[in-house]
Amino acid sequence: NAMYRAKAKGESGYEIFNPEMHARAMQLLNLETDLRRAIADQAFCLRYQPIVDLASGKIIGFESLVRWQHPDRGLVSPDQFIPLAEETGLIIPLSEWIVRSACEQMSLWSRDPTLPADFTMSVNIAAASFQNPRFVHELDQALTQTQLSPSRLKLEVTESVLLENIDSVRETLAQLKQRQIEISLDDFGTGYSSLSYLKQLPIDTLKIDKSFIDSLTEDGDASLVEAIIQIANSLTMTVVAEGVETAMQRSRLQQLGCGAIQGYLISPPMDGAAAENFMRTFQPHDWQHG
Ligand code: C2E
Ligand code: MG
Ligand code: MG
Ligand code: MG
């Protein structure tokens with residue numbers, strides 16, 4: 001950030017500071033201090049958003065999404081602190097908390113005989129966490145301690161993970177595969193992953209980024225969405241469309257052969273109790289003929 005960059009220039013670096021830069025740097029520094037404390041205090045919570053299969057109308061999983069319960073700012077969205085957590089290395093302990101908490105919730109649901117037995121929990125994993133050499137070990141520990149079957153867990157990584165250290169990424173993916181943990185490529189289409197990697201790596205699901213789904217309007221251009229669905233189908237990967245908000249988007253996705261959808265049309269992310277209630281009461285026709 002600005003402050004560190006200025007410092008790196010030496011003593012005189014401070015002279016180029018203007019008041020706005022100073023204010024911004026102080027803000028970041030305060031945020032970092034708050035984030036450090038929040039990790040120590042475990043001041044986070046998870047929300048869960050359902051993912052629904054288009055053909056059957058069934059809930060096939062939930063995605064866990066982290067929130068920071070900030071004393072003054074209320075619930076802070078991850079876009080406002082995950083990048084800072086990545087920059088400061090705080091993402092490693094934060095990720096551990098997230099993985100453990102998502103496993104705990106999924107473990108409770110998986111041991112409830114009155115709930116469906118065939119849905120998964122998807123957890124977002126930042127590139128730095130995925131590339132951490134201790135990642136799989138920590139994951140094993142979380143699974144053991146929460147008594148969760150690995151096959152109920154799914155990990156979401158972005159294409160940025162595939163850009164560095166491809167050999168170690170391949171090795172990690174193989175270890176996950178051994179455990180029957182599935183992998184989704186998140187925000188697909190916004191990154192730079194090469195199609196040949198896509199073919200070589202054991203990726204189960206492509207998630208089409210919301211920015212592409214937004215173009216599915218009455219007279220919008222569906223060609224990119226169509227192309228992504230075709231790529232996925234030809235590589236026998238499943239496809240999830242993210243950020244589906246309208247019945248029209250849902251029906252166009254269905255026509256295009258998309259497997260599953262996630263978005264406000266079905267539900268916003270919910271706390272654990274609401275998500276559980278949603279599972280018990282969800283009726284496919286609530287949205288199928290919307
Ligand atoms: P993502 O993984 O692509 O998650 C989808 C985001 O879209 C979520 O935002 C979700 O609330 C939002 N969303 C879902 N349906 C709709 C819709 O119909 N309309 C609109 N406008 N938005 C929708 P959220 O929860 O703010 O998360 C933002 C990003 O932060 C995530 O994007 C992910 O990259 C990151 N993130 C969230 N939770 C975690 C986490 O536990 N660990 C890590 N490393 N990153 C996380
Ligand atoms: Mg995600
Ligand atoms: Mg996404
Ligand atoms: Mg995203």
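For GLY61, nonlocal amide neighbours, meaning residues 5 or more places apart or on other chains whose placed amide H falls under 5 Å from its own, are ILE51, THR120. Taking a ≥ b ≥ c as the square roots of the eigenvalues of the alpha carbon gyration tensor, segment 43-197 is rounded, as a/c is under 1.5.
Summarising the label geometry, the points placed 7 Å from Cα in the beta-carbon direction at LEU195 and SER251 lie 3.2 nm from one another.
On the basis of the beta-carbon distance and an R0 of 30 Å, MET21 and LEU84 show a calculated FRET efficiency of 0.95. The simple spin-label model puts a point 7 Å past each Cα toward its Cβ; for GLN131 and GLU218 those points are separated by 4.6 nm.
Taking the DSSP beta bridges with both ends in the chain, the antiparallel portion is around 40 percent.
The chymotrypsin sites (Phe, Trp or Tyr not before Pro) of segment 157-241 meeting both criteria, a DSSP state outside H, G, I, E and B (loop) and at most 15 other C-beta atoms within 10 angstrom of the site's C-beta, are TYR192. Measuring nothing but how far apart in sequence close Cα pairs (under 8 Å, 6+ apart) lie, relative to its length, segment 101-197 scores a relative contact order of 31 percent.
For segment 163-227, averaging the sequence separation of C-alpha pairs within contact (under 8 Å, six or more residues apart) and dividing by the residue count gives a relative contact order of 31 percent. Computed about its Cα centre, the charge dipole of the chain is approximately 540 debye, with only Lys, Arg, Asp and Glu carrying charge at their Cβ. Using a cut-off of 13 Å between beta-carbons, work out the net charge of the residues near ASP53 (Lys and Arg +1, Asp and Glu -1, ASP53 not included). Within the 13 Å Cβ shell, the charges total +1. Shown is the FRET efficiency for GLN180 and TYR264, computed with R0 = 35 Å from the Cβ-Cβ distance and rounded to the nearest 0.05: 0.70. Taking the average, over residues, of other Cβ atoms within 10 Å as the packing measure, peptides 218-226, 198-206, 75-83 rank 198-206, 75-83, 218-226 from highest down.
Its Cα centre serving as origin, segment 93-178 has a Cβ charge dipole (Lys and Arg +1, Asp and Glu -1) of approximately 180 debye. Grab the beta carbon distance between ARG280 and LEU75, set R0 = 22 Å, and tell me the FRET efficiency rounded to 0.05. According to the calculation, E is roughly 0.35.
Taken together, the values in this text are just the output of simple stated rules run on the coordinates, not laboratory data. On a predicted model such as this, the values are computed, not experimentally measured, just so you know. Heads up, the Cβs are rebuilt from the backbone with ideal geometry, glycines too, and the neighbour counts pull from every protein chain shown.
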